[in-house]
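Only one structure is covered here, and it is reproduced in the block below.
The values are calculated or read from the model by the stated rules, or taken from the named source; none is laboratory data. What you are looking at is a predicted structure, and each value in this text was computed from that prediction instead of being measured. FYI the Cβ positions are ideal-geometry reconstructions off the backbone, even for glycines, and counts take in every protein chain you see.
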Amino acid sequence: MSATAYSKIMRGTADDLFAHLGPRSAPEGRRLTAFAPGAAKLSADIGGASIPLKPVEGAPEIFVGELPREGRYRLTKTAANGHTQTYRDPYSFGPVLGEMDEYLIGEGTHARLWEKLGAHVVEHEGVRGTHFAIWAPNARRVSVVGNFNDWDGRRDVMRKRGASGVWEIFLPDLGEGTVYKYEIVAADGTVLPLKADPVGFGAQHPPQTASVVRDIAGYGWHDAAWMQTRAAQNSVSAPISIYEVHLGSWRRDASQNNRPISYKEAAEELVDYAADMGFTHIELLPIAEHPFDGSWGYQPTGLFAPTVRHGPPHEFRDLIDAAHRKGLGVLLDWVPAHFPSDAHGLGQFDGTALYEHADPREGFHKDWNTLIYNFGRTEVQNFLVANARYWLEEYHIDGLRVDAVASMLYRDYSRDEGEWIPNKDGGRENYEAIALLQRMNTEVYGDDASVMTVAEESTAFPGVSRPVSSGGLGFGFKWNMGWMHDTLDYIQKDPVYRRHHHNKITFGLTYAFSENFILPISHDEVVHGKGSMLGKMPGDAWQKFANLRAYYGLMWGHPGKKLLFMGQEFGQVAEWNHNGELDWAALDDPRHAGLQNLVRDLNRLYRDTPALHRRDTDPAGFEWILGDAADQSVFAWIRRGDAGDPPVAVICNFTPVPREGMALGLPEPGAWQEVLNTDAEQYGGTGMGNMGRVLATGQPLQGQPASAKVTLPPLSVVMLRADRG
């Protein structure tokens with residue numbers, strides 16, 4: 001080796017230590033070259049013998065010596081103070097990745113990217129250790145650093161795998177819990193800020209930012225029964241009622257510095273609560289590791305790492321497993337729309353705009369001060385699609401709700417003239433993002449058709465929940481943001497003015513079946529000065545509760561799956577605060593407990609009544625009885641299931657005026673059971689109603705073959721079901 005090569009190794013400018021270090025064949029055996037910073041002496045221990053290595057003249061940190069032809073060796077390093085350290089030489093091991101892996105990663109088509117990149121505890125060449133692999137195609141040098149090598153980037157320099165841009169190294173004897181980062185030297189020689197692992201499975205607790213080796217293999221699942229029935233639970237004809245949860249603020253432990261509950265605690269407390277409340281699914285705000293609590297997880301840096309705020313990966317699996325054993329599905333919020341510019345993250349990862357667009361007109365969200373993935377780059381697309389598959393496969397997640405889809409679909413999203421670049425046809429659609437979403441949905445559903453994907457998409461982009469083969473984006477469901485905005489606008493108005501805004505309720509039914517919709521009252525509606533759901537309601541305290549009960553009755557009686565953010569099921573008074581827990585003490589007030597009882601009963605009724613869910617996405621499942629009674633602010637419609645399922649009449653009175661004996665058309669004569677009344681006393685209402693049933697005669701009315709006199713309490717929703725028994 002030349003003096004120049006020795007010098008580069010010691011200065012950390014050598015880009016391929018595997019070409020210089022480790023054992024090499026020699027006439028009498030093997031010649032070993034080792035780099036040992038801080039060593040006064042270095043020896044190779046092999047076959048019971050200790051062979052001294054000699055420092056190179058002019059390069060005192062590099063040692064050479066002769067070894068027998070066969071046998072695994074260890075190095076013993078003796079410092080000037082006499083301290084000794086024995087370790088295996090990483091440069092004595094061959095590569096782990098195969099040529100096909102290298103090819104597929106470079107091509108951007110590796111379906112199981114997480115099994116090759118990242119840090120994996122493995123046995124390699126008969127030795128237990130950790131294999132590290134990273135994609136950094138424009139780097140001059142990449143090193144793994146940590147306490148194990150004094151964070152010295154000169155020492156464990158990785159092997160570059162040809163044109164794929166992948167670097168790898170096997171570090172023997174490292175395992176679970178090892179803290180590490182990557183030191184990357186850019187093409188121009190700049191040493192970049194230390195980077196966390198983009199495909200790391202664990203991380204330090206924020207504000208610390210290093211990755212942590214986590215062995216995610218070998219978990220023993222107990223949810224086979226759920227997995228076998230999941231397709232039916234996630235179907236468009238299933239009752240789907242989602243409890244949206246920010247795990248960090250659902251409940252906290254005041255006795256331990258107000259810490260958030262752990263995954264294992266949530267596996268008991270949250271799962272039991274959601275099951276008792278009758279929800280069918282829990283949706284967790286982003287779990288992927290993120291540096292800033294105030295982002296609620298929507299600015300992730302570790303897309304493959306469940307946040308350590310609540311425990312390690314296996315304990316996150318405990319939560320999913322417990323939910324499944326209780327018959328609950330679990331959805332995750334997934335964020336491919338943007339990522340933060342934190343120095344340890346993906347931005348300028350190898351000294352270039354690798355994951356993001358270089359041009360801020362394509363690569364920067366000024367609203368969120370975040371970067372945008374380069375969706376058109378195949379390797380980046382592969383990274384994101386593989387991440388979606390990872391959560392579904394490795395953690396048995398039942399579905400992904402994709403955040404901020406609208407910001408992905410349009411190049412001019414929240415941008416003024418001159419701040420965006422048109423597509424190749426001069427338009428505003430982001431073809432590359434569309435292709436990414438279509439690829440994700442195609443591959444995810446191709447892997448397992450029993451999962452669901454959900455788009456938070458706030459525009460009228462066509463075919464969001466239609467198959468890719470038909471030109472759609474391929475999602476299973478779409479949040480109905482239009483319904484949410486219109487109905488909230490309506491219910492917040494004083495009842496005296498609602499007659500002038502009648503179409504805020506009726507308009508949504510003109511497009512209710514154009515997509516597979518979920519009706520969301522999400523966290524976004526109870527933050528940033530918007531107040532809580534109870535706080536939005538007009539009138540005095542009684543009217544606020546009555547309005548909110550009636551609104552939930554409308555929501556559960558309306559076509560579409562349901563989603564409610566935590567705390568709103570019992571009428572949290574204050575706006576959501578991610579730094580504290582929900583106001584559980586409110587349940588000591590009968591009015592809040594009554595609202596909670598209503599939501600529980602709505603979920604039970606929705607789940608147990610086919611007419612209320614079987615045709616949520618089918619226009620044949622809905623028919624107006626009364627849609628034009630604006631002066632009375634009354635709405636009435638029929639919900640139908642399959643042939644033979646008793647129909648349900650949903651009747652809404654959004655004024656404080658009780659309406660006794662109101663004539664309404666019904667689809668069949670006979671007894672109709674009052675299966676829900678939001679004004680019932682157990683919900684905190686007045687108890688006014690229909691004494692449990694009405695009798696429909698054969699007198700036609702409002703286009704229906706029968707009719708009945710119905711009492712509508714003030715600010716209420718009444719549901720009647722045909723009694724065919």
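Quick look at the values:
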read-out: Residue ID - surrounded by the most Cβ atoms within 10 Å (Cβ to Cβ), chosen from residues in the range 643-676 that are under 36 Å from the mean Cα position of the chain (by Cα) and within 23 Å of TYR490 (Cα to Cα); value: LEU676
read-out: Number of positions in the range 574-586 that are surrounded by fewer than 16 Cβ atoms within 10 Å (Cβ to Cβ) and of a type in the set (A, V, I, L, M, F, W, C); value: 3
read-out: Subset of the range 445-477 (residues that are surrounded by fewer than 24 Cβ atoms within 10 Å (Cβ to Cβ), within 21 Å of the chain's Cα centre (by Cα) and not in a loop (DSSP other than H, G, I, E, B)); value: TYR445, GLY446, ASP447
read-out: Verdict on ASP15 being within 29 Å of ALA186 (Cα to Cα), assigned to a helix (DSSP H, G or I) and charged (D, E, K, R); value: no
read-out: Members of the range 345-379 found to be aliphatic (A, V, I, L, M), surrounded by 21 or more Cβ atoms within 10 Å (Cβ to Cβ) and touching a Gly at 6+ places or on another chain (Cβ under 8 Å), listed by number; value: LEU371, ILE372
read-out: Any hit, the range 40-50, residues being of a type in the set (D, E, K, R), exposed (fewer than 14 other Cβ atoms within 10 Å of the Cβ) and over 51 Å from the mean Cα position of the chain (by Cα); value: no
read-out: Yes/no for GLY684 being surrounded by 20 or more Cβ atoms within 10 Å (Cβ to Cβ), under 29 Å from PHE517 (Cβ atoms) and not assigned by TED's automatic domain parsing to the domain that holds ALA586; value: no
read-out: Count - residues of the range 478-512 that are out of contact with any Leu (no Cβ under 8 Å at 6 or more places or on another chain) and not in a helix (DSSP H, G or I); value: 7
read-out: All positions within the range 351-368 that are under 24 Å from the mean Cα position of the chain (by Cα), under 16 Å from ASP412 (Cα atoms) and not basic (Lys, Arg); value: HIS357, GLU362, GLY363, PHE364, HIS365, ASP367, TRP368
read-out: Cross-chain or 6+ apart pairs with Cβ under 8 Å, the range 453-464 first and more than 21 Å from ILE397 (Cα to Cα) and touching a residue at least 40 places away in the same chain (Cβ under 8 Å), then in a strand (DSSP E or B) and small (Gly, Ala, Ser); value: VAL464/ALA455
read-out: Members of the range 281-295 that are in a loop (DSSP other than H, G, I, E, B), farther than 21 Å from LEU519 by Cα and under 11 Å from the mean Cα position of the chain (by Cα); value: ILE287
read-out: Output for the range 700-721, where each listed residue is more than 41 Å from the chain's Cα centre (by Cα) and part of a strand (DSSP E or B); value: LEU701, GLN704, ALA706, SER707, ALA708, LYS709, VAL710, THR711, LEU712
read-out: Subset of the range 123-167 (residues that are within 21 Å of ARG74 (Cβ to Cβ) and among the aliphatic types (A, V, I, L, M)); value: VAL127, VAL144, VAL157
read-out: Single residue of the range 306-339 satisfying the filter (of a type in the set (A, V, I, L, M) and not in a strand (DSSP E or B)) that is surrounded by the fewest Cβ atoms within 10 Å (Cβ to Cβ); value: VAL308
read-out: Residues (in contact with a helix residue (DSSP H, G or I) (Cβ under 9 Å, 6 or more places away or on another chain) and under 16 Å from ALA629 (Cβ atoms)) located in the range 482-505; value: TYR490, PRO495, ARG498, ARG499, HIS500, HIS501, HIS502, ASN503, LYS504, ILE505
read-out: Within the range 503-525, tally of residues that are touching a residue at least 12 places away in the same chain (Cβ under 8 Å), of a type in the set (Val, Ile, Thr) and under 21 Å from ALA455 (Cβ atoms); value: 2
read-out: From ALA44, ALA34, residue being of a type in the set (Gly, Ala, Ser), under 27 Å from ILE184 (Cα atoms) and either part of a strand (DSSP E or B) or in the same structural domain as ARG128 (by TED's automatic domain parsing) (or both); value: ALA34
read-out: Selected residue (criterion: nearest to PHE339 (Cα to Cα)) from residues of the range 186-220 that are under 23 Å from the mean Cα position of the chain (by Cα), part of a loop (DSSP other than H, G, I, E, B) and among the charged types (D, E, K, R); value: ASP197
read-out: Options ASP342, ASP398: the member that is touching a residue at least 60 places away in the same chain (Cβ under 8 Å), closer than 30 Å to ARG317 by Cβ and surrounded by fewer than 21 Cβ atoms within 10 Å (Cβ to Cβ); value: ASP342
read-out: Residue in the range 78-99 that is within 21 Å of ARG154 (Cα to Cα), basic (Lys, Arg), modelled with pLDDT of 95 or more and part of a strand (DSSP E or B) present; value: no
read-out: Qualifying positions in the range 513-527 - in contact with a helix residue (DSSP H, G or I) (Cβ under 9 Å, 6 or more places away or on another chain), crowded, with 21+ Cβ neighbours inside 10 Å and in a loop (DSSP other than H, G, I, E, B); value: SER522
read-out: Filter result (touching a strand residue (DSSP E or B) at 6+ places or on another chain (Cβ under 7 Å) and more than 17 Å from GLU315 (Cα to Cα)) within the range 250-276; value: ARG252, ASP253, ASN258, ALA274
read-out: Subset of the range 237-264 that is surrounded by fewer than 18 Cβ atoms within 10 Å (Cβ to Cβ) and part of a helix (DSSP H, G or I) - its residue that is nearest to the chain's Cα centre (by Cα); value: LYS264
read-out: Pairs with Cβ under 9 Å, 6+ apart, first in the range 671-695 and under 28 Å from PRO705 (Cβ atoms), second among the aliphatic types (A, V, I, L, M) and surrounded by fewer than 15 Cβ atoms within 10 Å (Cβ to Cβ); value: ALA671/LEU695; TRP672/LEU695; GLU674/MET691
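Conditions tested, residue by residue: (1) without any contact (Cβ under 8 Å) to a residue 60 or more places away in the chain; (2) within 24 Å of ILE521 (Cβ to Cβ); (3) of a type outside the set (A, V, I, L, M).
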site	(1), (2), (3)
ASP223	no, no, yes
SER249	no, yes, yes
ASP253	yes, no, yes
ALA275	yes, yes, no
GLY278	no, yes, yes
ILE282	yes, yes, no
GLY302	no, no, yes
GLU315	yes, no, yes
LEU319	yes, yes, no
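Rundown of residues vs (1) surrounded by 14 or more Cβ atoms within 10 Å (Cβ to Cβ); (2) among the acidic types (Asp, Glu), yes/no style:
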residue: VAL191; (1), (2): yes, no
residue: ASP215; (1), (2): yes, yes
residue: ASP276; (1), (2): no, yes
residue: LEU284; (1), (2): yes, no
